[in-house]
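The values are calculated or read from the model by the stated rules, or taken from the named source; none is laboratory data. Note that the structure is predicted; figures quoted are calculated from it, not measured. We place every Cβ from the backbone using ideal geometry, glycine too, and count neighbours over all the protein chains shown.
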Amino acid sequence: MSEEISFELNGRPVRVAVDPGQRLLDVLRGPLRLTGTKDGCSEGECGACTVTVDGRPINSCLFPAPEADGTRITTIEGFLDEDNRPSAVQRAFAETAGVQCGYCSPGMVLSAAALLEANRDPSDEEIRDALVGNLCRCTGYVQIVDSVRAAAAALRGEA
Amino acid sequence: MSGFRYIGKDTPRPDGGDKATGKAHYIQDLERPGMLFGKIKFSEHAHARIRHIDTSRAERLPGVRAVITGFNTPQVRIGFLRDNLALKRDKVRQFRDEIAAVAALDPDIAQEAVDLIEVEYEPLPAVFDPEEALADGAPLVHEFDARGRPVESNLVPLPCQHRTGDVDAAIRQARYSAEGEYSTPLIQQCCMGTAGCIAEFDTHDNLTIWAKTQIPFLAQRDYNGALAAMGLKGKNARVIVPALGGGFGTGLDTHAYEYIAILLAHRAGQPVKIVYTRQEEFAYLSPRQSARTRIRQGCDENGRLLYRDVEVLQDNGAYVSWGATYPTVMLLPVTSLYTVPNVRFVATIAYTNNTYCQAMRGYGNPEVTWAIESNLDDLAREAGIDALEMRLRNCNEPGESTPMGLKVTTCGLRECLEKTGAGLEWKQKRGQGSAKRRGVGLASLIHTGGGGRIYRSDASGMILKLDDFGNVNVFHGGVEMGQGLHSSLTLALAESLGVTPSKIHINQTDTGTCPWDVGTHASRGAFMACKAAILAADKARAEIFRLAEELFPTLVAKNLAKLRKKRPDYEAPAFDVQAEAKAERFELCDDLIFLKDAPDEPWLKVDLAQLIRASHYRDQGKMLTVESFYDPPNELPNFETGVGNISATYAYGTQGAEVEVDIETGEIKILKMVAAHDVGKVLNPQTLKGQLFGGLAQGIGYALTEELLTRDGRILNPGFTDYKMPTVHEMSFPIQLEIVETDDQEGPFGAKGVGEPGLVPTAPAIANAVYDAVGVRLHHLPMTPEKVLAALQAKHGSAAAT
């Protein structure tokens with residue numbers, strides 16, 4: 001039943017056996033040992049399982065694992081600077097109180113990063129549009145939006 | 001107060017980096033060698049006798065390691081009144097009742113096996129409305145109490161009431177009165193990390209359980225009771241708390257799934273993990289209770305409050321958790337929000353066949369504040385007095401003793417009211433409503449700010465273990481749920497001990513290593529931890545300075561000798577270290593020990609690590625470990641009379657809303673919120689803001705969108721698709737925070753607890769703004785467009801609401 005797929009995961013090639021009905025989320029957290037991606041609702045509503053596939057943020061709980069074949073996937077663990085230190089977006093979340101319980105944070109960071117990849121100077125409304133698929137119960141989102149703004153400034157070299 | 005080195009400064013939280021990089025470990029991420037996965041068979045009826053359970057097909061499924069029911073395991077009684085069983089035997093009383101469970105090699109096999117379990121039921125008449133449940137002839141949810149005594153009604157035997165003065169006389173005497181009925185719905189706490197645990201036994205039958213709990217030490221007590229019930233009397237449960245993924249009250253009770261994991265692990269002889277899916281969490285984890293409140297308030301011709309008369313009916317659901325004690329917290333606003341001389345409060349709690357409820361942030365306070373503050377606006381209008389002015393005339397003041405016996409020490413309520421009024425431009429905007437459909441409104445709160453004694457001990461212990469490298473290893477029983485406890489604690493220790501924050505390492509909360517703490521609830525976490533930290537730091541400093549008296553002169557002599565090797569011509573200033581080295585003359589700051597009166601020379605400073613090593617590595621050496629145990633000056637109230645100074649200090653606040661109401665769709669649009677909170681003293685601005693913004697967002701959900709819907713006891717919206725908690729879009733209005741510092745005398749550095757206040761007054765502030773905008777009073781949360789439209793139509797007839 002299972003098939004072998006290959007893809008680029010956090011900059012390195014991987015090969016893994018997956019079942020046709022398996023979710024990308026379970027493959028990442030299971031055989032690929034990357035638990036930074038969180039399961040928050042299993043129905044694509046909360047965004048805790050966000051990863052990027054070919055640069056595009058997706059809910060890995062809804063993404064069939066076989067479709068990962070041949071793609072380039074980045075999880076929160078791969079979203080670090082060259083020296084394996086937290087990236088600018090992660091630093092901004094950590095330093096601007098974009099993080100509380102932290103369960104939504106990996107997904108938030110990846111959604112924010114995907115936005116900032118395309119737009120280094122987003123308006124607050126653009127930030128909110130990018131994060132609307134990521135639920136957070138702790139922060140009221142205020143300091144998450146602040147964090148994305150701070151990350152954008154850092155990426156523009158203003159921080 | 002000023003001059004703090006760390007307190008009050010914006011500081012990134014210590015766990016922020018791990019969480020932003022996916023390195024924090026939640027129960028979902030933990031594994032143990034040989035670990036199995038558990039799944040539970042839940043009831044398919046709201047009320048039914050269990051006739052027969054057939055587990056034979058589940059037993060035969062490959063990969064299954066254990067199948068348990070209430071009939072092949074010891075009976076484990078659980079719950080606040082011990083009225084619940086981990087696995088049900090006689091009957092089911094709610095849809096989520098646990099009937100059987102499976103441990104298997106993976107969650108899919110476990111679920112498949114659960115689906116193969118067949119249960120034969122004899123359905124029984126059920127009751128889903130608390131008023132009907134208390135009527136004569138209603139089906140009994142429990143025929144017997146935990147001790148086997150017959151029960152005659154569905155009344156939960158937890159009386160809570162209060163009487164001060166003569167309310168009936170005050171009603172006759174009042175010039176103006178207002179009354180109303182208000183209700184609040186079931187709310188799902190919606191922790192982003194769902195509930196779960198791992199249970200593991202060693203060969204001595206001692207248990208280690210990784211639990212998503214806010215009460216590790218009360219949980220230990222509960223689990224030890226379960227072990228005794230399992231025939232393992234005297235065995236111990238060690239409770240370890242992973243990163244929590246949010247708590248919001250869900251961790252204030254121990255849960256059937258935890259006992260089931262314990263039973264499965266013991267049966268299988270392997271560790272067992274149970275983690276709820278989101279759908280399970282919605283359907284099978286206890287939500288916030290619903291409440292119906294009848295209220296009457298009255299005042300004299302000057303708007304002075306004369307009485308407050310409140311009756312609350314709570315739908316408890318099928319079993320009693322700590323959450324059934326909400327009325328003990330309702331007592332605070334009912335008796336003590338604004339100055340009221342005559343108060344009557346009666347809370348009635350009914351068993352029903354609905355899902356049983358538990359704690360959530362605010363713990364009864366938002367439920368009654370919704371009624372009190374909505375009704376107060378009606379009373380002000382009745383009296384022809386401006387609603388803000390009415391509140392200012394009745395404002396609590398420092399030094400006041402309230403009907404409940406609360407001792408008001410510091411109180412920033414007046415300032416909170418004034419700042420909220422200013423933030424809303426009250427004078428210009430209030431009462432301008434109907435034309436523009438815009439309005440402003442406000443509401444206030446009181447809550448425990450200095451611990452909350454609802455248990456015999458309200459204490460919190462701390463151990464500081466200093467090591468050879470100058471690290472301060474902290475062992476504390478409080479739980480970091482995401483609120484920022486470890487941030488406050490780090491700053492408190494750095495400040496009071498005199499070490500740099502990077503030297504402070506807070507260990508995982510673990511009943512095996514940490515001293516006792518009653519739990520992280522009642523907004524007590526930071527207050528208690530920081531108080532315990534200050535006490536522990538005082539002890540550590542005394543010990544450090546005593547050691548310094550002995551060791552410091554030799555250490556600085558060595559420093560000087562080293563310096564002279566490098567700089568032979570160095571002339572030391574005249575300073576008699578030996579004579580000066582008295583404990584009381586030392587100071588410790590940023591990891592360095594020095595004499596306060598000494599010249600500012602580097603060689604005259606000794607690193608804390610250097611001193612510890614000097615104490616350690618010598619004949620009959622010793623290490624430095626200190627402990628503290630802080631028990632706040634508050635009282636366990638008598639809940640049958642509703643009197644007792646439950647907290648060492650009280651938090652106050654006022655929130656204001658400016659709204660626009662769409663009279664065609666009924667939609668309430670929030671244009672602005674003002675949140676003014678008396679926090680005593682800011683410990684870390686960014687974590688404080690997180691608590692207040694986050695609380696306010698939960699208040700917005702409570703006010704406008706959130707409701708766990710049920711029909712005949714079944715949860716109808718078990719997921720984020722149909723249960724609407726606020727997204728970033730619902731939170732796009734500006735929030736003006738007004739932080740009021742009252743420098744509390746008991747609070748650590750002057751601080752009060754701030755965990756819960758953020759959501760307490762949000763809904764009535766919005767409702768009062770809606771009235772100001774369109775002249776309708778909403779009584780039932782959430783204030784959906786349908787309810788707003790219905791209210792507008794009731795006011796204006798079915799024609800256009802103009």
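Of the listed requirements (1) in contact with a strand residue (DSSP E or B) (Cβ under 6 Å, 6 or more places away or on another chain); (2) not in a helix (DSSP H, G or I), B:N768 misses just one: (2). Looking at region B:93-188, none of the helices (runs of 4 or more DSSP H) lying wholly inside it contains 1 or more residues that are acidic (D, E) and in the same structural domain as B:D378 (by TED's automatic domain parsing). Applying the set (1) hydroxyl-bearing (S, T, Y); (2) more than 10 Å from chain A (Cβ to nearest Cβ); (3) part of a loop (DSSP other than H, G, I, E, B) to B:T727 leaves exactly one unmet item: (2). Remark: B:R585 matches the filter, which requires a residue to be among the basic types (K, R), surrounded by 13 or more Cβ atoms within 10 Å (Cβ to Cβ) and over 30 Å from B:V754 (Cα atoms).
Taken over region B:632-681, the residue count meeting the criterion of being surrounded by fewer than 21 Cβ atoms within 10 Å (Cβ to Cβ) and β-branched (V, I, T) is 4. Of everything in region B:1-29 that's hydrophobic (A, V, I, L, M, F, W, C) and more than 9 Å from every other protein chain (Cβ to nearest Cβ), which residue is farthest from A:E77 (Cα to Cα)? The selected residue is B:M1. Taken over region B:172-182, residues that are surrounded by 16 or more Cβ atoms within 10 Å (Cβ to Cβ) and out of contact with any Phe, Trp or Tyr (no Cβ under 6 Å at 6 or more places or on another chain) amount to 5.
Just one of the numbered conditions (1) assigned to a loop (DSSP other than H, G, I, E, B); (2) touching a helix residue (DSSP H, G or I) at 6+ places or on another chain (Cβ under 7 Å) is not true of B:V368: (1). Identify the residue in region A:68-100 that is farther than 24 Å from B:K9 by Cα and among the charged types (D, E, K, R) and, among all such residues, is modelled with the lowest pLDDT. The selected residue is A:E82. Only residues that are under 23 Å from B:I53 (Cβ atoms) and crowded, with 17+ Cβ neighbours inside 10 Å were counted across region B:112-138, and they come to 9. Screening B:F144 against (1) of a type in the set (F, W, Y); (2) touching a residue at least 24 places away in the same chain (Cβ under 8 Å); (3) surrounded by fewer than 14 Cβ atoms within 10 Å (Cβ to Cβ) leaves a single unmet condition, (2).
Residues in region A:15-40 that are at the interface with another protein chain (Cβ under 10 Å from one of its Cβ atoms) and assigned to a loop (DSSP other than H, G, I, E, B) were compared, and the one that is nearest to the chain's Cα centre (by Cα) is A:T37.
Does any residue of region B:37-55 turn out to be in contact with a helix residue (DSSP H, G or I) (Cβ under 7 Å, 6 or more places away or on another chain) and assigned to a helix (DSSP H, G or I)? For region B:37-55, residues in contact with a helix residue (DSSP H, G or I) (Cβ under 7 Å, 6 or more places away or on another chain) and assigned to a helix (DSSP H, G or I): absent. Residue selection: A:E125 fails the criterion of being out of contact with any Gly (no Cβ under 6 Å at 6 or more places or on another chain), touching a residue at least 60 places away in the same chain (Cβ under 8 Å) and of a type in the set (D, E).
For the structure I just gave you, tell me whether B:L636 is within 25 Å of B:G362 (Cβ to Cβ), under 19 Å from the mean Cα position of the chain (by Cα), assigned to a loop (DSSP other than H, G, I, E, B) and within 14 Å of another protein chain (Cβ to nearest Cβ). The answer is no for B:L636. Checked across region B:471-480, the condition of being within 14 Å of another protein chain (Cβ to nearest Cβ) and at pLDDT 95 or above holds for at least one residue. Take B:G656 and tell me if it is away from every other protein chain (no Cβ under 14 Å) and on the phi > 0 side of the Ramachandran plot. No; evaluated as a whole, the condition is false for this residue. Would you say B:G384 is in contact with a strand residue (DSSP E or B) (Cβ under 9 Å, 6 or more places away or on another chain), in contact (Cβ under 8 Å) with a residue 24 or more places away in the chain and at positive phi? Considered against the rule, which asks whether it is in contact with a strand residue (DSSP E or B) (Cβ under 9 Å, 6 or more places away or on another chain), in contact (Cβ under 8 Å) with a residue 24 or more places away in the chain and at positive phi, B:G384 comes out as no. Hey, among the residues in region B:292-351 that are among the basic types (K, R) and surrounded by 22 or more Cβ atoms within 10 Å (Cβ to Cβ), which one's nearest to B:A46 (Cα to Cα)? For region B:292-351, the residue satisfying everything is B:R344. Please verify whether region B:720-734 includes one or more residues that are farther than 25 Å from B:N354 by Cβ, among the charged types (D, E, K, R), assigned by TED's automatic domain parsing to the domain that holds B:A387 and over 22 Å from the mean Cα position of the chain (by Cα). Yes; the residues of region B:720-734 include at least one that is farther than 25 Å from B:N354 by Cβ, among the charged types (D, E, K, R), assigned by TED's automatic domain parsing to the domain that holds B:A387 and over 22 Å from the mean Cα position of the chain (by Cα).
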